Amino acid sequence: MMVEVRFLHADGEGQSVGQGGGDTSLLTLAQSLGLPLEGTCEGQMACSTCHIIVDPAHFALLPPASEAEEDMLDFAAGACRTSRLACQIRLGDCPSQLTVKLPRESHNMQGL
Ligand code: FES
């Protein structure tokens, strides 16, 4: 099943839409769209530069975060109640439509 993901840009002004499924992670999809998620540790849960904020309406539809992911989110700048690590979300486990927002901090890291 393909999942359609809408990424709202950090400046609140644009969005990117991508599709994927199976074992592809939300981080991989975001990077394939050229979005500024660094994902420095490549999914090892050692960085938190893949932090995204899930639309509250979709948050409960995702498999819950592991304790290790929760711990790493404590270090993410601008983290909130519906924050997740994009490297830990497998598209095959997502609802068919998902909306997430890029945190402002990931934008700043690009020096923009
Ligand atoms: S890529 Fe490092 S925690 Fe997700």
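The values are calculated or read from the model by the stated rules, or taken from the named source; none is laboratory data. Just so it is clear, the structure is predicted and the values come from calculations on it, not from any experiment. Because the Cβ atoms are built from the backbone with ideal geometry, glycine has one as well, and the counts that use them run over all protein chains shown.
Every residue in the stretch 68-84 that is outside any helix (DSSP H, G or I) and within 21 Å of PRO95 (Cβ to Cβ), please. It would help to see each step written out before you state the result.
Within the stretch 68-84, the subset outside any helix (DSSP H, G or I) is 74-84.
Once the filter is applied, which keeps residues that are outside any helix (DSSP H, G or I) and within 21 Å of PRO95 (Cβ to Cβ), the stretch 68-84 yields CYS80, ARG81, THR82, SER83, ARG84.
Kindly provide the set of residues from the stretch 20-29 that are more than 8 Å from the ligand (Cβ to nearest atom) and within 14 Å of the chain's Cα centre (by Cα), ordered by number.
Passing the criteria: GLY20, THR24, SER25, LEU26, THR28, LEU29.
Show the residue pairs meeting these rules: Cβ distance below 7 Å; 6+ apart or different chains; first residue within the stretch 27-54 and under 16 Å from LEU8 (Cα atoms) and in contact (Cβ under 8 Å) with a residue 24 or more places away in the chain; second residue in a loop (DSSP other than H, G, I, E, B) and of a type in the set (Ser, Thr, Tyr).
Taking only residues 6 or more apart or on different chains, the pairs are LEU37/THR49; ILE53/THR82; VAL54/THR82.
So for the stretch 29-48 (the condition being β-branched (Val, Ile, Thr), surrounded by 14 or more Cβ atoms within 10 Å (Cβ to Cβ) and at pLDDT 95 or above), does at least one residue qualify?
Filtering the stretch 29-48 for residues β-branched (Val, Ile, Thr) gives 40.
Filter again for surrounded by 14 or more Cβ atoms within 10 Å (Cβ to Cβ), leaving none.
No, the stretch 29-48 contains no residue that is β-branched (Val, Ile, Thr), surrounded by 14 or more Cβ atoms within 10 Å (Cβ to Cβ) and at pLDDT 95 or above.
Can you tell me which residues in the stretch 30-67 are within 13 Å of the ligand (Cβ to nearest atom) and assigned to a helix (DSSP H, G or I)?
Result: ALA30, GLN31.
Applying the selection to the stretch 1-29, what residues are of a type outside the set (A, V, I, L, M, F, W, C) and outside any strand (DSSP E or B)?
In the first step, residues of the stretch 1-29 are kept if they are of a type outside the set (A, V, I, L, M, F, W, C); the result is 4, 6, 9, 11-16, 18-25, 28.
Result: HIS9, ASP11, GLY12, GLU13, GLY14, GLY21, GLY22, ASP23, THR24, THR28.
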